[in-house]
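First the structure, in the form of structure tokens, and then the observations on it.
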Amino acid sequence: MACSALRTVVLSTRPLLQFRAGTVGALHFSTTAPAEAEKKHYKLCIVGGGSAGIANGSKFGRKLGAGNVCIVEPSEVHYYQPMWTLVGGGVKNFTQSGKATADVMPQTVDWIKARAEEFSPDDNLVRCSDGTQITYDYLIVAMGLQLSFEKIKGLPEAFQYDGVGSNFSPKYVEKTFRAIQNFKGGNAIFTFPNTPIKCAGAPQKIMYLAEDYWARNKIRDKANISYNTALPVVFGVKKYAEILAALCQKRNLKINYRHNLVEVIPDKKEAVFEHLDTGEKVTFPYDMIHITPPMGPLEVLKKSPLADAVGWVDVDKQTLQHVRYPNVFSTGDCSSLPTSKTAAAVAAQCGILYNNLSAIMDSQKPPKKYDGYTSCPLVTSKGKCILAEFDYDLQPLETFPVDQGKERRTMWHLKANVMPEIYWTGLLKGRWAGPGFYRKAMRLGMGK
Ligand code: FAD
Ligand code: UQ1
């Protein structure tokens, strides 16, 4: 499954062992540090080659030229994670969601194929798992976040059983659709944890796709479907929350608020939740369960001087510049930016970061302010989608001159067919900074 699919992705693309500068060290040395560490210096070091790292690498690689920018990224495969909602829902294949990292790495950037293991920002130094020590003039931290399935008792072992899946992991996303296909009736449970997560709409999108699949396959009336969320609301933005709560009621999808998954007992097919207001434990039998794991900052960042009190990279919410280290910026899921963590947010941040870091490089003040723009295409069935877009104040910031709170087929096409193209050929190439420009143009300068 995941492994063979992954192999297909890797084999079908450009050879991985290209001897471009930056890969050589990784190929010659194993994960144990060599006696004499290899030292490299870059004008700009980017740590993390996910959505944010590659997008910023493309922009700054073009600006600064070959040999001046590196990306530290251990993974051979780059995933378009937003597609996993549609993979779990049986609409797309897993192989469509990944490309070899070598194929998305900007040509002007040196790829250091290793993990960053230690940050010493007072010395402008990053130590890597292959022993490389990178010094830099400027640093962008774009390392994503940590999934912590193991914080739920019984996981990850329960994934060995049928009926248990998670769209959040490349290892388990295909299990979600198998569980949906094999479900013949009974209790179907979808969870949302008691932590910030990436794409806060994803835990319910898969419920809507599953319900739609069962309705099409004439087993809907045999299914008791519940959304057990640690939150007190179904979505953080009032406008969309009201619409989604009404939709759940209409489709008989039961929402259990303040219910946090603490244990899965797969041989009994039971899920144990803690009620976060009363502390009471409640056990629900399940026939299928989709799990959204607790998430948080990576350990390597938590222990670094770059971290805030929780472990996110401590940046100014408007400029994206580190609050203590002016030559350090952060973007995406690992940053402390208090907005919903999405690729759409990464895109909007990309334009801000480029302008602000460029200004810092020229000894100017950062000119641009990020408004917290983020977006969540809330797929409500196969063929329908509500396109939520909002800012730091949780106020809608919609691009199109229609009410985006309505379920629309056009928004489904945007999510399923247009966004992947925008991602691979726009965002990752440093040519997509979100829809802000178009939104303002359509509003002819009126409003936000
Ligand atoms: P990532 O893309 O996760 O990249 C982080 C990178 O850092 C990875 O490549 C990782 O290998 C690397 N890394 C980790 N540790 C180290 C280390 N020690 N050293 C060096 N590198 C390291 N967003 C949307 O906008 N719309 C959607 O519809 C949407 N749907 C989603 C559905 C699902 C199921 C999921 C899982 C996500 C979804 N997202 C969506 C969220 C989106 O994918 C993320 O917010 C986005 O990928 C964040 O980009 P990033 O670069 O911060 O992190
Ligand atoms: C977006 O910019 C983006 O980043 C590439 C996404 O990630 C895949 C999105 O899901 C969305 C919705 C946007 C916003 C784009 C438009 C056209 C509203």
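The values are calculated or read from the model by the stated rules, or taken from the named source; none is laboratory data. This is a predicted model, so every value here is computed, not measured. Positions of Cβ are generated from backbone atoms using ideal geometry, with glycine treated the same way; all protein chains shown enter the neighbour counts. Just the protein is used for accessible areas: all its heavy atoms, side chains included, with ligands, DNA and RNA removed. Shrake-Rupley method; radii C 1.70, N 1.55, O 1.52, S 1.80 Å.
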What are the residues in the range 372-408 that are charged (D, E, K, R) and within 16 Å of ligand 1 (Cβ to nearest atom), if any? LYS382, LYS384, GLU389, ASP391, GLU398, GLU407, ARG408
Given the conditions (1) exposed (fewer than 15 other Cβ atoms within 10 Å of the Cβ); (2) more than 23 Å from the chain's Cα centre (by Cα), report the number of the one that LYS239 does not fulfil. (1)
What pairs come up if the first residue lies in the range 406-428 and is free of Cβ contacts under 8 Å to residues at least 12 places away in the same chain, the second is open to solvent by 50 Å² or more (accessible area, probe 1.4 Å) and more than 13 Å from ligand 1 (Cβ to nearest atom), and their beta carbons are under 8 Å apart, counting only those six or more places apart or on different chains? THR425/ARG431
Across the range 64-85, what is the number of residues that are more than 16 Å from ligand 2 (Cβ to nearest atom), open to solvent by less than 40 Å² (accessible area, probe 1.4 Å), within 26 Å of LYS198 (Cα to Cα) and in a loop (DSSP other than H, G, I, E, B)? 1
Might you let me know whether the range 171-180 holds any residue that is open to solvent by 20 Å² or more (accessible area, probe 1.4 Å) and not in a helix (DSSP H, G or I)? yes
Out of ASN228, ASN217, ASN260, which single residue is open to solvent by 40 Å² or more (accessible area, probe 1.4 Å) and polar (S, T, N, Q)? ASN217
Would you confirm, using the coordinates I've provided, whether ARG439 is within 13 Å of ligand 2 (Cβ to nearest atom) and open to solvent by 20 Å² or more (accessible area, probe 1.4 Å)? no
Quick check on my filter: what residues within the range 279-290 are surrounded by 13 or more Cβ atoms within 10 Å (Cβ to Cβ) and β-branched (Val, Ile, Thr)? VAL282, ILE289
Over the range 284-342, the set of residues closer than 19 Å to ILE352 by Cβ and small (Gly, Ala, Ser) is SER330, GLY332, SER335, SER336, SER340
Look at LEU253 and say whether it is without any contact (Cβ under 8 Å) to a residue 60 or more places away in the chain and either in contact with a Leu (Cβ under 7 Å, 6 or more places away or on another chain) or surrounded by 20 or more Cβ atoms within 10 Å (Cβ to Cβ) (or both). yes
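Table: residues versus (1) among the β-branched types (Val, Ile, Thr); (2) open to solvent by less than 30 Å² (accessible area, probe 1.4 Å); (3) within 24 Å of GLN204 (Cα to Cα); (4) part of a helix (DSSP H, G or I).
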site	(1), (2), (3), (4)
ALA347	no, yes, yes, yes
LEU357	no, yes, no, yes
GLN364	no, no, no, no
SER375	no, yes, yes, no
THR380	yes, yes, yes, no
LEU387	no, yes, yes, no
TYR392	no, no, yes, no
Out of the residues in the range 148-205 meeting the condition of being of a type in the set (Lys, Arg) and within 16 Å of ligand 2 (Cβ to nearest atom), tell me which one is nearest to the chain's Cα centre (by Cα). LYS198
State whether the residues of the range 137-148 include one that is over 22 Å from ILE291 (Cβ atoms), away from ligand 1 (no atom under 11 Å from the Cβ) and crowded, with 20+ Cβ neighbours inside 10 Å. yes
State yes or no: is PRO293 surrounded by 20 or more Cβ atoms within 10 Å (Cβ to Cβ), in contact with a strand residue (DSSP E or B) (Cβ under 6 Å, 6 or more places away or on another chain) and in a loop (DSSP other than H, G, I, E, B)? yes
Please find, within the range 323-342, the residue that is nearest to GLY53 (Cα to Cα) out of those that are among the aliphatic types (A, V, I, L, M) and open to solvent by less than 30 Å² (accessible area, probe 1.4 Å). VAL328
Pairs under 6 Å by beta carbon, first residue under 13 Å from LYS429 (Cα atoms) in the range 45-69, partner among the polar types (S, T, N, Q) and within 8 Å of ligand 1 (Cβ to nearest atom), six or more apart or different chains? ALA52/THR331
How many of the residues in the range 187-230 are in contact (Cβ under 8 Å) with a residue 40 or more places away in the chain and on the phi > 0 side of the Ramachandran plot? 1
Single residue of the range 413-428 satisfying the filter (within 6 Å of ligand 2 (Cβ to nearest atom) and either open to solvent by 50 Å² or more (accessible area, probe 1.4 Å) or touching a helix residue (DSSP H, G or I) at 6+ places or on another chain (Cβ under 8 Å) (or both)) that is farthest from VAL91 (Cα to Cα): LEU427
Some residue of the range 86-93 being out of contact with any Phe, Trp or Tyr (no Cβ under 9 Å at 6 or more places or on another chain), open to solvent by less than 10 Å² (accessible area, probe 1.4 Å) and assigned to a helix (DSSP H, G or I): yes
